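Chemist: Could you have a look at this structure, given as structure tokens, before my questions?
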Amino acid sequence: MNSICPKCAVDPTSHSFKKVAEKNGVTLYYTHPSKSKLYDDKEGILNHIDNMLMLQKGKPWSLILDGDGYDVRHAAQVDIGVSLMDLMMQKHGANMKEFTIINPTWHIHAQLKVASMKLSRELFAKIVVLEDRKRSVLEFL
């Protein structure tokens, strides 16, 4: 297992999935899909996230997804979304403490409706959507 994504080693903006903090024994990851140059790179994205989460070795983790700028071109990558849900459910979901969505767009809300039909109740209950105001990842560090 190589923890360094080869595409992100060349260009750190290729994918958007980064470890940003460790708090109270929980690793915090951050993703901002609209900032990812290769937002349609299914294999690369899945490998990047899987490799990062495998480094957890069963330890708890949380994810913040920043939806700012997330639009139809990102939402159109349905296959990536489904594959990520499968990866989370089958391999890493048991150790996920919380999946926080900040700055959601209507595209994200639509995808959450679809996800609610596929994800287990237990996993879906870990999703928290914060939409009362514009937020920054810095608030969570």
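Chemist: For residues in the stretch 35-57 being assigned to a loop (DSSP other than H, G, I, E, B) and aliphatic (A, V, I, L, M), which is nearest to Thr13 (Cα to Cα)?
Modeler: Residues of the stretch 35-57 assigned to a loop (DSSP other than H, G, I, E, B): 36-41, 55-57.
Adding the requirement that they be aliphatic (A, V, I, L, M) leaves 38, 55.
Values: Leu38: 8, Leu55: 21 Å.
Among those residues, the one meeting the criterion is Leu38.
Chemist: Quick one: count up the residues across the stretch 106-141 that are surrounded by fewer than 13 Cβ atoms within 10 Å (Cβ to Cβ) and of a type in the set (A, V, I, L, M, F, W, C).
Modeler: 7
Chemist: Residue check: is Gly81 assigned to a helix (DSSP H, G or I), under 13 Å from the mean Cα position of the chain (by Cα) and closer than 19 Å to Ser34 by Cβ? If you could, list the steps in order and put the result at the bottom.
Modeler: Values: assigned to a helix (DSSP H, G or I): yes; under 13 Å from the mean Cα position of the chain (by Cα): yes; closer than 19 Å to Ser34 by Cβ: yes.
Considered against the rule, which asks whether it is assigned to a helix (DSSP H, G or I), under 13 Å from the mean Cα position of the chain (by Cα) and closer than 19 Å to Ser34 by Cβ, Gly81 comes out as yes.
Chemist: When the residues of the stretch 23-78 are filtered to those that are of a type in the set (Gly, Ala, Ser), in contact (Cβ under 8 Å) with a residue 24 or more places away in the chain and surrounded by fewer than 19 Cβ atoms within 10 Å (Cβ to Cβ), which remaining residue is farthest from Val128 (Cα to Cα)? Spell out how you get there, then give the answer.
Modeler: So the first thing to find is which residues in the stretch 23-78 are of a type in the set (Gly, Ala, Ser), and the list is 25, 34, 36, 44, 58, 62, 67, 69, 75-76.
Within this subset, residues satisfying the condition of being in contact (Cβ under 8 Å) with a residue 24 or more places away in the chain are 25, 34, 44, 58, 62, 67, 69, 75.
Applying the additional criterion that residues be surrounded by fewer than 19 Cβ atoms within 10 Å (Cβ to Cβ) yields 25, 34, 44, 58, 69, 75.
On the way: Gly25: 20, Ser34: 19, Gly44: 26, Gly58: 22, Gly69: 19, Ala75: 19 Å.
Applying the filter and picking the extreme gives Gly44.
Chemist: If you don't mind, there's one more thing I want to ask. I'm checking my understanding of the structure. Among residues of the stretch 8-22 that are surrounded by fewer than 18 Cβ atoms within 10 Å (Cβ to Cβ) and touching a residue at least 12 places away in the same chain (Cβ under 8 Å), which one is nearest to Val82 (Cα to Cα)? I'd like the intermediate steps shown before the answer.
Modeler: Of the residues in the stretch 8-22, the ones surrounded by fewer than 18 Cβ atoms within 10 Å (Cβ to Cβ) are 9-13, 18-22.
Add one more test, that the residue is touching a residue at least 12 places away in the same chain (Cβ under 8 Å), and what stays is 11, 13, 18-21.
Numbers: Asp11: 25, Thr13: 22, Lys18: 20, Lys19: 22, Val20: 25, Ala21: 27 Å.
Checking each candidate, the answer is Lys18.
Chemist: Which of (1) in contact with a Gly (Cβ under 7 Å, 6 or more places away or on another chain); (2) at pLDDT 90 or above; (3) in a helix (DSSP H, G or I) does Ile101 not meet, given it meets every other one?
Modeler: (3)
Chemist: Suppose the filter is farther than 13 Å from Leu87 by Cβ, assigned to a loop (DSSP other than H, G, I, E, B) and touching a helix residue (DSSP H, G or I) at 6+ places or on another chain (Cβ under 8 Å); does Leu65 pass it?
Modeler: Values: farther than 13 Å from Leu87 by Cβ: yes; assigned to a loop (DSSP other than H, G, I, E, B): no; touching a helix residue (DSSP H, G or I) at 6+ places or on another chain (Cβ under 8 Å): yes.
No.
Chemist: To continue, here is another question. Against the definition (under 21 Å from Ile4 (Cβ atoms), surrounded by fewer than 19 Cβ atoms within 10 Å (Cβ to Cβ), at pLDDT below 95 and of a type in the set (D, E, K, R)), how does Lys91 come out, yes or no?
Modeler: Numbers: under 21 Å from Ile4 (Cβ atoms): yes; surrounded by fewer than 19 Cβ atoms within 10 Å (Cβ to Cβ): yes; at pLDDT below 95: yes; of a type in the set (D, E, K, R): yes.
Yes; evaluated as a whole, the condition is true for this residue.
The values are calculated or read from the model by the stated rules, or taken from the named source; none is laboratory data. Note that this is a predicted model, so its numbers are computed, not measured. Positions of Cβ are generated from backbone atoms using ideal geometry, with glycine treated the same way; all protein chains shown enter the neighbour counts.
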